[in-house]
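Trainee: Take this structure first; my questions come after.
The values are calculated or read from the model by the stated rules, or taken from the named source; none is laboratory data. Predicted, not measured: the structure shown is a model, and the values here were computed from it. No Cβ is skipped: glycine too gets one built from the backbone with ideal geometry, and neighbour counts run over all protein chains shown. For accessibility, only protein heavy atoms count, side chains too; no ligands or nucleic acids. Shrake-Rupley method; radii C 1.70, N 1.55, O 1.52, S 1.80 Å.
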Amino acid sequence: MSTPTHRADSPALVPDADWWREATVYQIYPRSFADANGDGIGDLRGIISRVPYLAELGIDAVWLSPFYPSALADGGYDVDDPRDVDPRIGTLAEFDELSARLHEAGIRLIVDIVPNHSSDRHVWFREALAAGRGSAARERYILREGRGEHGELPPSDWESVFGGPAWERVEDGQWYLHTFATEQPDLNWDHPEVREDYHRTLRFWADRGVDGFRVDVAHSLVKDLSEPLPSAAELAAMPQDGTHPLWDRDEVHEVYAGWRSVFEEYTPPRTAVAEAWVASPERRARYASPAGLGQAFNFDLLEADFDAADFRRIITDNLAQSARTGSSSTWVLSNHDVVRHATRYGLPPLAGRREKQGASWLVAGGPEEGIDRELGLRRARAASLLELALPGSAYLYQGEELGLHEVAEIPDAERQDPAFWRTTPEDRGFDGLGRDGTRVPLPWTREGSSYGFGEGPAHLPQPEWFADVSVEAQEEDPSSTLSMYRRALRLRRELEGPEELTWDEELSGGDVLAFERPGGWLCVTNCGEQPVAMPAGEVLLVSTPGLDPAAPVTELPGSSTAWLRH
Ligand code: GLC
């Protein structure tokens, strides 16, 4: 058993109902974080062994992506049993141990809840198939008769988000709806048992000490499937204003009002953050309402190019929005569904290349050619420092603290993402190869069969360049990305205070973005190529790679952010 370390500046957790407002949350994709038993798949014991690393990094909470029993048809988002742990990942006892170790280290724990669908191996779905058409067991899912003379055509021409038809035929001829992979049948949220069962799941984890929940595709649960079903073309033309048959329907908030009462049964109340790819910050605010989930991911920064004017607009709009709703802003640059930001920023501008609104994973993957990796990393570090200076909470994705690039060199046969397998190269978004490139197991050491991830080979192949970006390689280097994140997260603690930001109009303009936080803090980002004069004040941190953190800096280089105090 590993010995947990306590963060010197953060004793064990004290109850605090507002902890989430300014938290730095670190997303762990459990299968790719650390593998303690050498089977190539990351596990809870592996995470436990890395709690000291997490504590040293200086995060406030961990968000664990699904670790539930699963056939891994969609990386664990196909859940067989939401109240258990996959035996390849660990046991419930190990989950409790992880939760205890994190809490001792001053780190809170958020788990992923997947409400839109179960897996096709879930006991309910197996019952539904066995019980046959017209049975009560089928009511928990969405099963329909097909069209055509013998029902041989699906009930509608809808496409699943991962490509291919959204309906799958079962043995007796009915069809079930799956918004995502075939192995992810959509649940029927009009069914009281479905609603009750999720309350049970929330309590199950809250009772085990979980502090909060990340809610998967929170905007899809409730649907209007009254006949006749619209065509795919009609659906695409309908506004997503609360009345769309499939996405972001107003009634979904009745579900979350029920969840809120479950959260309030606990002291402090459990928290939640919605993954909701909706049409506007106003629509998003409904999910972030204190009467609902309380917080929602804001993916605006993630979807923007490295551009001072865009950043400023996004920051201003979202802070205004969260002030209106009483929530706090969230900032995200990378997660398990999108191309890592170091690579994104090295690609030609995104503007105009996104094909389907709201389907962020369609920007995943990416060609090796045409990427300026050096520029990408430089901008990524600048954007991360900008993000970490903002009021609100920051959601980091494992490996971004190493400045990891997307791994493009995965042989097709080894790819796991259904988004890769269900689509043709033409409709995979821009050069998309699916999301495996962002889910490659982390490099901990320079050497070893899987760069310290585990004893054996990793479940996705790791490239040779992982040696130089490993934790071991970066720990020794004070100018590494890891060292920058560690310093930034330590300094960020001092920033905690009112969720306020004042634009520094004298310094801002053109490619430069500058704002002050209470306490004389100044964050300046230079999105241009040319250096600009460093403003007056004590320079605390500069993002530029290779810069000696101890040397005096008079200029802020291009694609860089500096933190100052004055
Ligand atoms: C969410 C998850 C994604 C998953 C999808 C279906 O968007 O982030 O990884 O594939 O939902 O569950």
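Trainee: Please return the ranges of helices (runs of 4 or more DSSP H) entirely within the range 448-548 where 3 or more residues are open to solvent by less than 10 Å² (accessible area, probe 1.4 Å).
Mentor: Correct list: 481-495.
Trainee: Only one of (1) away from the ligand (no atom under 16 Å from the Cβ); (2) closer than 28 Å to Glu145 by Cα; (3) open to solvent by 20 Å² or more (accessible area, probe 1.4 Å); (4) out of contact with any Gly (no Cβ under 8 Å at 6 or more places or on another chain) is not met by Val255, so which one is it?
Mentor: Condition (3) is where Val255 drops out.
Trainee: Residue under question is Arg88, and the condition is that it be modelled with pLDDT of 95 or more and open to solvent by 40 Å² or more (accessible area, probe 1.4 Å); does it hold? Step through it out loud before you land on a result.
Mentor: Numbers: modelled with pLDDT of 95 or more: yes; open to solvent by 40 Å² or more (accessible area, probe 1.4 Å): yes.
Yes; evaluated as a whole, the condition is true for this residue.
Trainee: Please specify each residue of the range 273-292 satisfying the condition of being away from the ligand (no atom under 15 Å from the Cβ) and of a type in the set (A, V, I, L, M, F, W, C).
Mentor: Ala279, Ala285, Ala288, Ala291
This table checks each residue for (1) more than 16 Å from the ligand (Cβ to nearest atom); (2) buried (at least 22 other Cβ atoms within 10 Å of the Cβ); (3) not in a helix (DSSP H, G or I).
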residue: Ala206; (1), (2), (3): yes, no, no
residue: Arg214; (1), (2), (3): no, yes, yes
residue: Asp224; (1), (2), (3): yes, no, yes
residue: Glu227; (1), (2), (3): yes, no, yes
residue: Gly242; (1), (2), (3): yes, no, yes
residue: Leu246; (1), (2), (3): no, no, yes
residue: Pro268; (1), (2), (3): yes, no, yes
residue: Phe306; (1), (2), (3): yes, yes, yes
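Trainee: Kindly evaluate Glu104 against the criterion of being closer than 13 Å to Ile47 by Cα, in contact (Cβ under 8 Å) with a residue 40 or more places away in the chain, open to solvent by 30 Å² or more (accessible area, probe 1.4 Å) and not hydrophobic (A, V, I, L, M, F, W, C). Show your work before the answer.
Mentor: Details: closer than 13 Å to Ile47 by Cα: no; in contact (Cβ under 8 Å) with a residue 40 or more places away in the chain: yes; open to solvent by 30 Å² or more (accessible area, probe 1.4 Å): yes; not hydrophobic (A, V, I, L, M, F, W, C): yes.
So Glu104 fails the test.
Trainee: Sticking with this one: Give me the residue from the range 28-44 that is in a loop (DSSP other than H, G, I, E, B) and of a type in the set (Gly, Ala, Ser) and, out of that set, surrounded by the most Cβ atoms within 10 Å (Cβ to Cβ).
Mentor: The residue in question is Gly42.
Trainee: On to the next question. Determine whether His219 is in contact (Cβ under 8 Å) with a residue 12 or more places away in the chain, assigned to a helix (DSSP H, G or I) and either open to solvent by 30 Å² or more (accessible area, probe 1.4 Å) or under 20 Å from Phe297 (Cβ atoms) (or both).
Mentor: Values: in contact (Cβ under 8 Å) with a residue 12 or more places away in the chain: yes; assigned to a helix (DSSP H, G or I): no; either open to solvent by 30 Å² or more (accessible area, probe 1.4 Å) or under 20 Å from Phe297 (Cβ atoms) (or both): yes.
Considered against the rule, which asks whether it is in contact (Cβ under 8 Å) with a residue 12 or more places away in the chain, assigned to a helix (DSSP H, G or I) and either open to solvent by 30 Å² or more (accessible area, probe 1.4 Å) or under 20 Å from Phe297 (Cβ atoms) (or both), His219 comes out as no.
Trainee: Right, something else. Being within 16 Å of the ligand (Cβ to nearest atom) and either farther than 24 Å from Arg203 by Cα or open to solvent by less than 80 Å² (accessible area, probe 1.4 Å) (or both) is the filter here; which residues of the range 113-136 pass it?
Mentor: Taking the range 113-136 first, the residues within 16 Å of the ligand (Cβ to nearest atom) are 113-122, 125.
Scanning the range 113-136 gives Ile113, Val114, Pro115, Asn116, His117, Ser118, Ser119, Asp120, His122, Phe125.
Trainee: How about the range 549-566: which of its residues are touching a Gly at 6+ places or on another chain (Cβ under 7 Å) and part of a strand (DSSP E or B)? Show your work before the answer.
Mentor: Residues of the range 549-566 that are touching a Gly at 6+ places or on another chain (Cβ under 7 Å), as a first pass: 558, 564-566.
Residues satisfying the conditions are Leu564, Arg565.
Trainee: For the range 45-61, enumerate the residues that are touching a helix residue (DSSP H, G or I) at 6+ places or on another chain (Cβ under 8 Å) and either open to solvent by 10 Å² or more (accessible area, probe 1.4 Å) or closer than 19 Å to Leu491 by Cα (or both).
Mentor: Passing the criteria: Arg45, Tyr53, Leu54, Glu56, Leu57, Gly58, Ile59, Asp60, Ala61.
Trainee: Can you tell which of Glu171, Glu152, Glu139, Glu145 is more than 16 Å from the ligand (Cβ to nearest atom) and in contact with a Phe, Trp or Tyr (Cβ under 9 Å, 6 or more places away or on another chain)?
Mentor: Numbers: Glu171 fails: in contact with a Phe, Trp or Tyr (Cβ under 9 Å, 6 or more places away or on another chain); Glu152 fails: in contact with a Phe, Trp or Tyr (Cβ under 9 Å, 6 or more places away or on another chain); Glu139 fails: in contact with a Phe, Trp or Tyr (Cβ under 9 Å, 6 or more places away or on another chain).
Step by step, each of Glu171, Glu152, Glu139, Glu145 is checked, and only Glu145 is more than 16 Å from the ligand (Cβ to nearest atom) and in contact with a Phe, Trp or Tyr (Cβ under 9 Å, 6 or more places away or on another chain).
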